[in-house]
Amino acid sequence: MSNVVIRDGQDIDVARFSPERPPALVLGDITLVRPHGMAGIPVIAVTKDPTDAVVCSRHVSAACLVPGFDEASRAASAATLLRLGARLHAALGRRIPLVYGTDPQLELVYRHRRALAQHFLFLLNEEDVCWSLLDKEGFYDLCEARGVLAPRTLRPGGDPASLREPLLVKPRRKSAWAEIQRDLLGGAGKARLFDTRAELLAHPHFERLKQDLIVQEHIPGGVVDLVSFHGFADEEGELLAWFCGRKLRTYPAFAGESAVVEITGDEAVAEAGRDVAAKLGLKGPFKIDLVRDARSGALYTLEVNARYTLWNHVGAAAGVNLPRVAYDYLVEGRRPPAPPRAAPSHRWLDLYRVYRAFREQRSSASLAGWLGTVAGARTVYDAFAWDDPKPFARWASSFLTRKVAGHALRDHRGHSR
């Protein structure tokens, strides 16, 4: 389905790339590849999965296979990236941009930043800020120290009685929390709400997991009150470009993954985002997650992802291509003459999550209402694109194969063997 062959980095033909328009090495999925393709930037995709649909994209010029991004695989993957980076650096006579789209990938870059910086271009936050953004307890400390409004969080060894009910519980770390999701969060979602302290303390897994958890006061609001500010800042923290967004649907409905998101022109969110970015001294790419308090309208900062995100695809479609801004700045030292403005109402959606969200919430919404979120001239999709159809075809084929295989494993009573 694609002419791109996934290699270990040593076999990639680096001579095919030009120093005038060097490739970006993209550790991420199709939502990061397509913004680069829209800007005419060559892409070398990095993946841990040899069947990854991203390598089918017409925007991918070459692909590199790494062992993975978890703690056990991190050093080996970094070594693969360094070997490829050294070859590209020697062939092109310059470093190339390194793009990372998940927290485990970001942690790999943090832990190997000095070695990677010899061959790659990227812009990270100061050391203390870097690690605080990956640890939610450290993040609350950082917000408190720098005057950023955030939900009140239980201190280590503190009494949950010091917080106002209801209580929100979520993993302390941004990676390697599958056990917490399974045993405490119901197998899905990124957090869980407990109406009372007694309910939290009575949970059979809370005591065992509490050292790896964050307990906060819950800020009331619906899905559409989950808003965000996205930007790229230079070494001095000056914003080169930014846009705002909000979630429209998630799966699961509470604390779930994004199913439909939308670009907005919300000036209150823009003002809050610029303020938080300045107070935290953010550099490079980032996404600030905020929640609007349904009682007061105040905007609380929930977390900061100091990396590229799926939002960059819809942001590019709306007129603010943050990966392109980053590429132009890192490769050429070029800044936008004026910060570009995003056109509101552009949407991104994940078709499968929309389907699952509808099944979960169909008692409260009509099918017609849900279908209205799926189609539209201003909608971009997680996998599908008319001008780049092969990744979706690969994903659909893989999905159907897994479904058929799963069905074959069920016995006549419908139970998995």
Problem set entry | Selection count where residues are at pLDDT 90 or above, out of contact with any His (no Cβ under 8 Å at 6 or more places or on another chain) and either over 11 Å from C64 (Cα atoms) or open to solvent by 40 Å² or more (accessible area, probe 1.4 Å) (or both), scope the range 14-29 | 11
Seminar exercise, completed: For the range 99-115, pairs from a residue that is of a type in the set (G, A, S) to a residue that is assigned to a helix (DSSP H, G or I), with Cβ under 8 Å and 6 or more apart or across chains, are G101/T31; G101/L32; A115/A78; A115/L82
Problem set entry | Failed item in (1) of a type outside the set (V, I, T); (2) closer than 16 Å to R246 by Cα; (3) outside any strand (DSSP E or B); (4) open to solvent by less than 30 Å² (accessible area, probe 1.4 Å), with L290 passing the rest | (3)
Exercise. Which one of these is touching a strand residue (DSSP E or B) at 6+ places or on another chain (Cβ under 7 Å), modelled with pLDDT under 90 and under 26 Å from S57 (Cβ atoms): V354, V331?
Worked result: V354
Exercise. Among (1) closer than 30 Å to S398 by Cβ; (2) open to solvent by 50 Å² or more (accessible area, probe 1.4 Å), where does P323 come up short?
Worked result: (2)
For this session: Just give me the residues in the range 102-160 being charged (D, E, K, R) and open to solvent by 40 Å² or more (accessible area, probe 1.4 Å), in sequence order.
Result: R111, R113, R114, E126, E127, D128, D141, E144, R146, R152, R155, D159
For this session: Identify all residues within the range 195-225 that are open to solvent by 50 Å² or more (accessible area, probe 1.4 Å) and of a type in the set (A, V, I, L, M); write none if there are none.
Result: A198, L201, A202, V224
Seminar exercise, completed: Note on R164: of the conditions (1) over 21 Å from the mean Cα position of the chain (by Cα); (2) in a loop (DSSP other than H, G, I, E, B); (3) under 30 Å from R362 (Cα atoms), unmet is (3)
Exercise. From the set of residues in the range 237-279 that are free of Cβ contacts under 8 Å to residues at least 24 places away in the same chain and not in a helix (DSSP H, G or I), which is least open to solvent (accessible area, probe 1.4 Å)?
Worked result: R246
Exercise. How about the range 43-70: which of its residues are without any contact (Cβ under 8 Å) to a residue 60 or more places away in the chain, at negative phi and open to solvent by less than 30 Å² (accessible area, probe 1.4 Å)?
Worked result: V43, I44, A45, V46, T47, V55, V60, A62, A63, C64, V66, F69
Seminar exercise, completed: Selection from the range 38-77 of residues touching a helix residue (DSSP H, G or I) at 6+ places or on another chain (Cβ under 7 Å), hydrophobic (A, V, I, L, M, F, W, C) and closer than 22 Å to V380 by Cβ yields M38, A39, I41, V43, A45, A53, V54, C56, V60
For this session: Please work out if W177 is within 30 Å of F122 (Cβ to Cβ), in contact (Cβ under 8 Å) with a residue 60 or more places away in the chain and hydrophobic (A, V, I, L, M, F, W, C).
Result: no
Problem set entry | Pairs where the first residue, in the range 369-397, is closer than 17 Å to M38 by Cα and modelled with pLDDT of 90 or more and the second is open to solvent by 70 Å² or more (accessible area, probe 1.4 Å) and part of a loop (DSSP other than H, G, I, E, B), C-beta under 8 Å, 6+ apart | D387/R58; D388/R58; K390/M1; K390/R58
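The values are calculated or read from the model by the stated rules, or taken from the named source; none is laboratory data. Since the model is a prediction, treat every value here as computed from it, not as a measurement. Please note: Cβ atoms are built from the backbone with ideal geometry, for glycine as well, and neighbour counts cover all protein chains shown. Accessible surface is based on the protein model in full, side chains and every heavy atom, while ligands, DNA and RNA are left aside. Shrake-Rupley method; radii C 1.70, N 1.55, O 1.52, S 1.80 Å.
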